[in-house]
Amino acid sequence: MILLDGKLTSEKIKEEIKIQVQEIVKYGGRPPHLAAVLVGNDGASLTYVGSKVRSCEKVGFKSTLIHLDENISEEELISEINKLNDNKKIDGYIVQLPLPKHINEEKILMMVNPEKDVDGFHPFNFGKMAQNMDSFIPATPYGIIELIDRYGIETEGKNTVVIGRSNIVGRPISILMSNKSKPGNSTVTLVHSRTPNISSFTKKADIVIVALGIPNFLKSDMIKKDSVVIDVGITRVEDKTKVRGYKIVGDVDFKSVKNKVSHITPVPGGVGPMTIAMLLKNTLKARKK
Ligand code: GUN
C-alpha cells in the first residue's frame, strides 16, 4: 500500500511556488496578493482561512484577511466584494463558505470577478473547466488531480466512482476525471445520497473518491482489492484526549481499508494540505495574468 502524502507533496508545490515568487520579485515585480473574505466566526472556517493566510506568508505572497461581522447585510458584503474586484493590487480572492443563512451564497459567488476567482466557483470558470478550457479549477479537486499526477497513478480507461455531488468537490472532480486529459480519460460514475446500493458501484471501481462528509463511510467490504482510495472528508469529531477537544475524521474507514488498497490518502495529511497549495497555485496564475 502506498500512502498518498498530501502534506509532503503540498510542501514541494509550495517550494516551487516560492521560487517563482522570488523570480517575480527579483525582476522588480509585485508579489502575488491573495485576499480572503470571512463572514462570522465559524470554528472550521476560522481554521481554514488562518491556514490559507499563513501559507501565503510562507511562499512570499501578500495576504489580506477581511473578517466581517456575522450580521453583515448582503448589500454590505456585496460592497466589500466590489471593492476587491476594483482593487488592482489584489490578484485573487476567496469568499470562505459557508456564508450565514441570511446571505444568498449564489448571488455573492456570481459577484466575484472571474479573473480574480481563484476558488474557481464562478459559473464562468466552472463552465470553462467543464469544457476542458484553461480556467481556475476549484482547489480541492485540483489538489486531487495533482496528487494523482505526481504519484503517477494511471486514470485512463479506469472506472472511477465519485461519492458526493457538491459544487466544491464531487461535481468538479467527476468532470475533471472524465475530461480528455492526463490525469483524466476515466469512466466516471457519480453516486450520491439518493443512490441506492452505493456498494454495487464502489465494488467495481478502480478509483474511489469520497466527498460525502460522513465519517468512516467507506468500509473495506465496499471496495475492490488494489483500488485507489481518495478521502476528501474532514469532519470534526469530539475527542476529549485532544487539547483542542476534537479530531479530524475522514469519510474512509482507514484502518480496515488501508490493507486492501494500492494507494490511499490519509486524513489528516492527504487532500487537505493539497487544497491550500492549489489555491496558492491559482493565485500565482492570477498574478501572472
Ligand atoms: N469551504 C469549504 N471548502 C472551501 C473552499 O475550498 N473554498 C471556500 N471559499 N470555502 C470553502
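Note that segment 123-138 has calculated 3J(HN,Hα) couplings of x, 4, 6, 4, x, 5, 4, 5, 9, 6, 9, 5, 7, 7, 9, x Hz, one per residue in order, obtained from phi through the Karplus relation 6.51 cos²θ - 1.76 cosθ + 1.60 (θ = phi - 60°); glycine and proline are x. With Cα atoms defining each centre, segment 1-77 and segment 120-195 are spaced 22 Å apart in the structure.
By the rule of a C-alpha distance below 16 Å, with chain neighbours fewer than 8 residues away ignored, the lysines paired with K89 are K62, K116, K285, K288, K289. Excluding L68 itself, calculate the net charge of residues whose Cβ lies under 10 Å from the Cβ of L68, where each Lys or Arg counts +1 and each Asp or Glu counts -1. Overall, the nearby charge balance is -4. Taking a quarter of the surface of the Cα convex hull of segment 102-229 gives a mean projected area of 8.8 nm². When Rg and the Kirkwood radius Rh are both evaluated on Cα atoms of segment 201-272, their ratio Rg/Rh stands at 1.01. Taking a ≥ b ≥ c as the square roots of the eigenvalues of the Cα gyration tensor, an a/c ratio of 1.5 or more together with a/b larger than b/c marks the chain as prolate. Axis angle, to the nearest 10 degrees, between helix 271-288 and the longest C-alpha principal axis of the chain: 40 degrees. Potential lengthening of the chain between E238 and Y27 amounts to 71.0 nm, from the contour at 0.36 nm per residue minus the alpha-carbon distance. Projecting label points 7 angstrom from Cα along Cα→Cβ for K288 and D226 puts them 3.7 nm apart. A straight chain from I19 to M133 at 0.36 nm per residue would run longer than the Cα-Cα distance by 38.4 nm.
Where a number appears in this text, it was derived from the coordinates with a stated rule and is not lab data. None of the values given here were measured: they were computed from a predicted structure. Every residue, glycine as well, gets a Cβ built from its backbone with ideal geometry; the counts of neighbours run over all protein chains shown.
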